[in-house]
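See below for the structure under consideration.
The values are calculated or read from the model by the stated rules, or taken from the named source; none is laboratory data. Because the structure is a prediction, the values reported are computed rather than measured. Here the Cβ positions follow ideal geometry from the backbone for every residue, glycine too, while neighbour counts run over all protein chains shown. Ligands, DNA and RNA are excluded from the accessible area calculation, which covers all protein heavy atoms including side chains. Shrake-Rupley method; radii C 1.70, N 1.55, O 1.52, S 1.80 Å.
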Amino acid sequence: MNIECQCCGLVLSILLLVLYSGRKQLGLYGEKIFKKMLVVTIILLVLDIASIVAITHQATLPHLLVLGICKSYIAFLVVECILAVLYLLHDVTDEKKHWKITKVLLSVVAVECLAILIAPLHIFSDGRIVYTYGPGAIVAYTSCGIDFIAILIIAISERKRIPKLRWSAFMIWLFLWVVAAVWQFIDAEKLLVGFATSLGMMILYAALENPEVNLNRELGCFNGYALEAYLKQQFGIKRKFFAIHFSLDEIPPETSEYIFRLMHRSNVRDGVWFFKLLGPDFIMISEDRRRYNRLMRWIKNEQKRESVYFKNIQGIGLENGLDVGSPAKFTKVFKYFFNKYNGQIPDSGMEISKEMVEDFLLHENMQEEIALALAEDRVEVYFQPIYSVLSNKFESAEALVRIRKADGSLIYPSEFIPVAEESGSILALGEQVFIKTCQFIASGKMQKAGVKYVEVNLSVLQCEQVDLANRLCAIMCEYKVPTSAINLEITETATLSVKKNLLSNMGSLMEMGCTFSLDDFGKGESNLMYIVEMPVSIVKMDLDLTKAFFNMDRAKHVVRTVVRMAHEMGLHVVSEGVETAEEFAALREIGVDYIQGYLFSKAVPADEFLKFIEEKNG
Ligand code: C2E
Ligand code: MG
Ligand code: MG
């Protein structure tokens with residue numbers, strides 16, 4: 001009997017099923033279809049062997065039994081082929097759509113199987129070669145052929161959407177099948193199709209469905225790859241889930257392992273997926289709200305008991321399985337709130353609400369917008385003229401950044417500067433503003449019109465850079481901009497390390513000839529010591545303080561005192577946000593040196609600014 005190949009295939013497939021079932025799985029849709037294919041492969045091989053045995057002994061067995069086994073075998077061949085189509089399709093359709101297609105295909109298979117059962121089937125056996133033929137076989141082989149063509153068409157047309165590895169593994173499997181079928185057709189003694197099927201399953205397992213790939217070896221829980229696959233599926237079908245994130249930043253690795261094992265062993269484990277990401281991050285996911293609540297409660301209780309291990313954990317829960325857009329953004333949402341509420345997250349954890357997710361998505365979109373604007377050169381610098389009371393002329397200007405969106409509209413700094421500061425892109429953005437300002441100054445037109453210098457805003461993050469002075473100096477050298485044409489605006493910062501670097505940068509830049517302004521003076525909780533410590537030559541009174549001067553009697557005393565104090569220190573004063581002639585007159589009266597505000601002009605593009613200056617300075 002010619003059943004060696006099938007027996008080998010059967011042993012392989014059973015081993016594979018045992019191996020596969022014994023491993024931890026996420027219950028992904030693809031995993032489920034793969035398991036079904038594996039089971040059908042085993043049934044197929046058993047029936048293949050049984051049909052050969054039955055045909056060989058047909059003289060001693062009832063004809064109906066032999067025929068039944070042969071028909072079952074070719075019917076399962078049809079089922080296997082359809083499963084292969086479904087397995088391939090699950091990559092290019094979401095679960096709901098896939099389920100609809102599955103229902104249609106299974107109905108077709110049911111009809112085909114019925115046809116195979118009813119249609120006559122003939123058996124050929126000469127002792128050496130055995131095969132079946134007749135209408136039943138024609139139905140089965142035609143159906144397999146159509147599935148085969150369907151697989152080829154899907155694989156070719158959807159190549160871009162099917163993951164590369166899955167695509168290649170599938171192609172190898174198809175190739176094996178074709179070789180086995182052709183070989184078997186030419187040399188009917190070699191019954192290779194069954195073996196080729198099990199070999200194909202081996203390939204799919206090794207390349208795609210090996211659960212080991214999804215596991216963290218040390219802890220035995222899932223890893224980042226698994227999380228990505230899981231989220232891709234959940235976002236695809238819009239299924240709700242609840243997640244908790246833990247960052248164990250300050251906890252030594254042994255302790256974090258201990259905490260994980262404790263959670264894993266406790267009764268909160270059921271129905272909860274644990275993912276260990278790179279670094280100190282853990283994500284726990286449950287599709288059941290009660291389990292999620294139980295998990296949060298359990299953590300809180302552990303913390304109440306003052307378990308040393310739980311003291312430093314900060315947990316953030318994501319309610320409602322809110323869709324954050326993509327797997328890549330999923331872990332970012334937690335990081336974002338960790339950073340945003342740094343130090344304010346209670347030990348018992350914090351839940352991210354729908355509004356918070358919206359805030360995060362806005363932040364993310366703005367971050368992408370900034371990155372794109374930088375890459376596509378859509379960062380623009382506008383200039384706002386500053387009037388000198390003493391010379392009666394516009395002697396300086398402030399450079400203010402804007403982002404031109406791809407659709408041509410503008411985004412203002414209040415929308416993107418906070419995001420750029422949070423994400424760090426303010427460094428690149430600040431440098432762009434400085435380069436563009438230098439390019440403008442280098443044209444010489446501004447000086448001709450009577451403007452002596454441009455004030456450029458520096459963010460706290462820029463001031464912290466150890467090499468800030470060198471960077472700015474290199475840019476000024478490149479565009480041959482005299483250092484006296486640059487005044488840098490700094491704002492208050494409470495951090496000592498920033499102050500230290502800032503002072504050293506200021507020292508170097510002042511040595512070269514740059515000057516500094518203290519921006520936003522009087523805004524928020526201003527610290528008078530700052531004006532004492534920082535070697536600035538200009539104090540810029542914030543818009544709020546300017547407005548308060550006209551609305552609150554007590555503010556009048558403050559503003560007058562600030563102006564006198566600045567003058568006594570040898571500093572000049574700029575009033576920002578001056579909008580009316582009355583405001584202008586009153587501020588001039590108390591001795592403000594420079595006036596900046598909509599009374600004269602908003603910040604405008606370079607050419608408009610030059611036109612304004614040439615006109616006004618005459
Ligand atoms: P700031 O440095 O205090 O700039 C003054 C802001 O007040 C500007 O807003 C300006 O357009 C606005 N302003 C001027 N006069 C008036 C007025 O009469 N009435 C009113 N209501 N507003 C007036 P803008 O351009 O939206 O900039 C806002 C802030 O964004 C700036 O405040 C600054 O802190 C920041 N910023 C702007 N450009 C840059 C930059 O290149 N780098 C950094 N780090 N920050 C920048
Ligand atoms: Mg400013
Ligand atoms: Mg200001």
* Structure fact -> Going through region 372-390 in order, the residues found to be open to solvent by 60 Å² or more (accessible area, probe 1.4 Å) and hydrophobic (A, V, I, L, M, F, W, C) are L372, A375, L390
* Asked: Given region 129-240, what helices (runs of 4 or more DSSP H) lie entirely inside it while holding 2 or more residues that are at pLDDT below 85?
  -> 164-186, 193-204, 224-237
* Of the conditions (1) within 16 Å of ligand 1 (Cβ to nearest atom); (2) within 19 Å of M534 (Cα to Cα); (3) hydrophobic (A, V, I, L, M, F, W, C); (4) open to solvent by less than 30 Å² (accessible area, probe 1.4 Å), F416 fails just one. Which one is it? -> (2)
* Inspect region 583-604 for any residue being exposed (fewer than 13 other Cβ atoms within 10 Å of the Cβ), away from ligand 2 (no atom under 16 Å from the Cβ) and within 49 Å of the chain's Cα centre (by Cα) and give the result as yes or no. => no
* If you check L587 against the conditions, is it part of a helix (DSSP H, G or I) and within 16 Å of ligand 3 (Cβ to nearest atom)? -> yes
* Structure fact -> Screening E422, E431 for residues that are more than 16 Å from ligand 3 (Cβ to nearest atom), closer than 21 Å to H363 by Cα and in contact (Cβ under 8 Å) with a residue 12 or more places away in the chain leaves only E422
* Residues satisfying the stated conditions in region 469-493, i.e. within 16 Å of ligand 2 (Cβ to nearest atom) and open to solvent by 10 Å² or more (accessible area, probe 1.4 Å) -> T491, E492, T493
* Asked: Among the helices (runs of 4 or more DSSP H) confined wholly to region 474-581, which include 1 or more residues that are modelled with pLDDT of 90 or more?
  -> 496-512, 543-551, 553-568
* **Residues located in region 391-407, provided they are over 26 Å from the mean Cα position of the chain (by Cα) and either touching a residue at least 40 places away in the same chain (Cβ under 8 Å) or open to solvent by less than 20 Å² (accessible area, probe 1.4 Å) (or both)** => K393, F394, E395, S396, A397, E398, A399, L400, V401
* Report yes if L410 is modelled with pLDDT of 95 or more, open to solvent by 10 Å² or more (accessible area, probe 1.4 Å) and over 23 Å from T483 (Cα atoms), otherwise no. => yes
* Considering only region 436-456, how many residues are surrounded by fewer than 16 Cβ atoms within 10 Å (Cβ to Cβ), of a type outside the set (G, A, S) and either under 14 Å from V381 (Cβ atoms) or within 16 Å of ligand 2 (Cβ to nearest atom) (or both)? -> 1
